[in-house]
Amino acid sequence: MPFSQKELLRYSRHLALPEVGLDGQRALKEAKVLVVGTGGLGSPILLYLAASGVGTIGLIDFDTVDETNLQRQVLFDMNSVGKSKSSVAKNKLAALNPYITVNEYNTAINSDNALEIIKSYDIVVDGTDNFTTRYLVNDACVLLGKPYVYGSVFRFEGQTAILNAPMEDGRRGPCYRCLFPEPPPADLVPNCSEGGVLGVLPAMIGSLQATETIKQICSIGKPLSRQLMLYSALDLDFKKVNMVKDASCAICSEHPVITDLQPINLSCQVETEDETVSLITGSALRKLLEKGQPVQLLDVRNDDERKMMHIGGRHIPLDKLEMMTAADLKYFDKQAPLIVYCTAGARSKKAIIQLQKLDIFSELYSLQGGLLRWISDVDSALSTS
Ligand SMILES: [Zn+2]
């Protein structure tokens with residue numbers, strides 16, 4: 001596959017690096033990389049792989065762009081809001097580098113399509129940062145023998161590694177299940193919108209994922225395949241911890257118990273059916289308030305979130321509430337319903353489980369979907385007030 005003069009000029013800074021050179025650039029052009037997710041991690045991964053000249057890039061996303069994405073998902077701008085992420089991303093990459101092919105998959109990756117999509121690519125880079133996709137893509141990569149470039153971000157910290165990577169002895173490096181054999185219980189998975197993430201953090205982790213991908217393609221340097229990189233933005237600290245292959249790993253050991261792709265039922269959202277916590281919808285709450293019913297509201301978000309917007313009631317951050325006794329809450333009317341709210345409905349549920357232990361309230365409800373759903377269903381003006 002010869003390069004045109006324009007391509008040679010375009011990649012001249014790569015060609016000037018002896019470690020990359022024409023051979024490396026050709027390897028990039030011939031490489032096929034699948035990037036799952038076009039969000040916070042996917043954006044820098046895709047932009048740099050396209051700019052670097054990776055010849056075939058597949059991108060998967062089923063979502064549409066919303067305004068809260070723009071704090072970190074740098075593929076998108078105000079004109080993208082409401083549009084399909086995969087389609088905006090494809091157009092952006094095509095405009096950035098016309099010498100590459102971009103395959104768009106406007107779908108969610110799942111156990112029915114993962115093997116079919118992944119099998120056409122050499123390397124898979126995970127930009128979705130959720131447990132369901134992570135186990136699914138890990139398993140598919142092990143079954144198909146593809147390297148899996150993993151990344152995740154949470155609040156101010158991130159991690160990355162290249163898993164199931166080819167080793168010098170012809171075997172494969174550790175996979176994600178070697179490190180974490182089973183997905184965590186759904187109620188321990190942090191909710192993305194609840195947890196928060198520093199906007200620039202995915203740029204750091206995503207560009208490390210892109211770097212490892214390019215090193216793998218060009219066969220240069222030391223791959224991050226036996227160590228997990230941990231990064232803390234607040235401490236500006238990079239740490240590498242050793243990863244070892246688990247001889248009894250369920251999927252990548254010599255006697256695997258997982259031999260085909262299974263659906264994994266877990267998501268980043270913790271708002272699942274929970275029989276012990278009663279939910280109230282935003283519109284039902286509004287009706288109660290309009291009728292002047294004696295309801296009490298409790299906001300369990302942190303101080304800064306409270307300052308930005310609220311729908312009234314008392315404010316006790318969840319971490320403080322968890323330290324409180326029944327006596328600390330004596331100013332509440334124990335007979336009137338107490339409706340607890342937060343941003344997306346996860347912390348309010350935890351608060352209710354805590355309040356149930358104190359056994360002082362007759363009726364407790366969690367505002368379903370939190371203020372985010374309140375804004376979309378009941379009062380869109382709240383977010384701009
Ligand atoms: Zn394994």
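Quick look at the numbers
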quantity	calculated
Selection from the stretch 336-369 of residues that are open to solvent by less than 20 Å² (accessible area, probe 1.4 Å), without any contact (Cβ under 8 Å) to a residue 60 or more places away in the chain and in a helix (DSSP H, G or I)	Ser348, Ala351, Leu355
Residue match in the stretch 131-153 (condition: within 12 Å of the ligand (Cβ to nearest atom), at pLDDT below 95, closer than 22 Å to Ile45 by Cα and in the same structural domain as Ile220 (by the TED database))	yes
The stretch 231-258 residues that are without any contact (Cβ under 8 Å) to a residue 60 or more places away in the chain and open to solvent by less than 100 Å² (accessible area, probe 1.4 Å), paired with ones that are more than 15 Å from the ligand (Cβ to nearest atom) and of a type in the set (A, V, I, L, M) (beta carbon under 9 Å, 6 or more apart)	Asp237/Leu230; Phe238/Met229; Phe238/Leu230; Val241/Met229; Val241/Leu230
Candidate set: the stretch 284-298, residues that are outside any helix (DSSP H, G or I) and closer than 12 Å to Gly312 by Cα; chosen: the one farthest from the chain's Cα centre (by Cα)	Val295
Subset of the stretch 341-370 that is touching a Gly at 6+ places or on another chain (Cβ under 9 Å) and not small (Gly, Ala, Ser) - its residue that is farthest from Glu305 (Cα to Cα)	Gln368
Helices (runs of 4 or more DSSP H) contained in the stretch 3-44 and holding at least 3 residues open to solvent by less than 10 Å² (accessible area, probe 1.4 Å) and either of a type outside the set (Asp, Glu) or more than 30 Å from Lys119 (Cβ to Cβ) (or both)	21-30
Residue in the stretch 52-61 that is free of Cβ contacts under 8 Å to residues at least 40 places away in the same chain and of a type in the set (Asp, Glu) present	no
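The values are calculated or read from the model by the stated rules, or taken from the named source; none is laboratory data. Keep in mind it's a predicted model, so treat the numbers as computed, not measured. Positions of Cβ are generated from backbone atoms using ideal geometry, with glycine treated the same way; all protein chains shown enter the neighbour counts. Keep in mind that these areas ignore ligands, DNA and RNA; they rest on the heavy atoms of the full protein, side chains included. Shrake-Rupley method; radii C 1.70, N 1.55, O 1.52, S 1.80 Å.
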